[in-house]
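What follows is a short report on a single structure.
The values are calculated or read from the model by the stated rules, or taken from the named source; none is laboratory data. Quick caveat: nothing in here was measured; it's all calculated off a predicted structure. Glycine gets a Cβ as well: all are built from the backbone with ideal geometry, and neighbour counts include every protein chain shown. SASA here: full protein model, heavy atoms, side chains in, ligands and nucleic acids out. Shrake-Rupley method; radii C 1.70, N 1.55, O 1.52, S 1.80 Å.
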Amino acid sequence: MLEDRLRAAGCVFPEEEAALLRAAARDDDDLERMVAARVAGTPVEVVVGSVVLHGTRVVVAPGVFVPRRRTTLVVRLGAAGLGPGDLVVDLCCGTGAVGAALAGAVPGLVVHAADLDPAAVRCARRNLPPGRVHKGDLYDALPAALRGRFALLAVNAPYVPTEALALLPPEARLHEPALALDGGADGLVVQRRVVAGAPAWLAPGGRLVLETSAAQAPATRALMRAAGLAATVHRDEDLDATVVVGALSG
């Protein structure tokens, strides 16, 4: 039985994954190919080629960070107060899932995205307008004309401390790039750069919405306050999600 094969391979939710694989398979041979890949450890989202974040289905590609359900909190908090025509950016975008979900939640947004990883940029251009997905290092990737104009910086930067990478599930350790996971010695190396640059790119009253961990949230909030942002911590226990929001005075 398919569910038994997935359970024996260590899948935590074999019934849910079996349903996803059956729905995605074109025929029995395709189903067997996908099951074999999943049993071998490939993330189920990569096997089926997509994932849903906050009601928006996005393409997932091999070697690109897989969006997690907890990042729904970034989308939910980020979308609040936005309207048509507002400029937003999905920074460290990976698949571009956050930007795509924001566009789905608030019609009329002008969504940009950026990532350093060429594979991520290629994938994000399948989920967002290709001309608005930029390759480069954080803010350096963005068009200079957008400086000081963003209503929202939505960011899921890597925040796993380097020493903790070995403790991640095999799906992450073996199938996702370290670039998307490794946050340096304390997990905050990339966050520091994101926060430091945010005030220059935000419009008056704009917000930085940054995913972090529960343990790191006080340090993330302190970084934002030191940068002149009014910072608040938000926690959703059901999602096991922690997000810090920093607002630039208007």
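Here are the numbers for the structure shown:
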read-out	value
Burial order of peptide ranges 166-176, 221-231 (average beta-carbon count within 10 Å, highest first)	221-231, 166-176
Theoretical FRET efficiency, 1/(1+(r/R0)^6), r = Cβ-Cβ of L179 and A40, R0 30 Å, to 0.05	0.85
Degrees between helix 14-24 axis and first principal axis of the chain (Cα, 0 to 90, nearest 10)	90 degrees
The stretch 84-117-the stretch 1-46 distance, computed between alpha-carbon centres (Å)	30 Å
Radius of gyration and Dmax over the Cα atoms of the stretch 146-187, both given in Å	13.7, 40
Solvent accessible area, Å² - H112, 1.4 Å probe, full protein context	20 Å²
Extension gain (nm, one decimal) between R225 and A24, 0.36 nm per residue minus Cα-Cα	67.8 nm
Order of exposure, largest accessible area first, which applies to F65, F13 with probe 1.4 Å	F13, F65
The stretch 124-202 - accessible surface per residue (Å², probe 1.4 Å)	47 Å²
The stretch 168-229, relative contact order [Cα under 8 Å, separation at least 6], %	34 percent
Relative packing of 155-164, 93-102, which averages over residues the other C-beta atoms within 10 Å, highest first	93-102, 155-164
Percent accessible area from carbon and sulfur atoms, the chain, protein chains only, probe 1.4 Å	56 percent
Percent of Cα-Cα distances greater than 22 Å, calculated over the stretch 166-250	32 percent
Choice from L109, L73, L146 showing the highest fluctuation, given a GNM over the chain with Cα pairs closer than 10 Å	L146
Computed Kirkwood radius, in angstrom, where 1/r is averaged over Cα pairs of the chain	18.6 Å
Environment charge of V88, counting only residues whose C-beta is closer than 12 Å and scoring Lys/Arg +1, Asp/Glu -1	+1
Cα→Cβ-extended label distance, 7 Å offset, between E15 and A80, nm	3.4 nm
Cα-derived Rg over Rh, computed across the stretch 1-142 with Rh taken as Kirkwood radius	1.04
Simple label model, 7 Å out from Cα along Cβ direction - E237 to E32, nm	4.7 nm
Förster-model FRET efficiency, 41 Å R0, A145 and R69, C-beta, rounded to 0.05	0.70
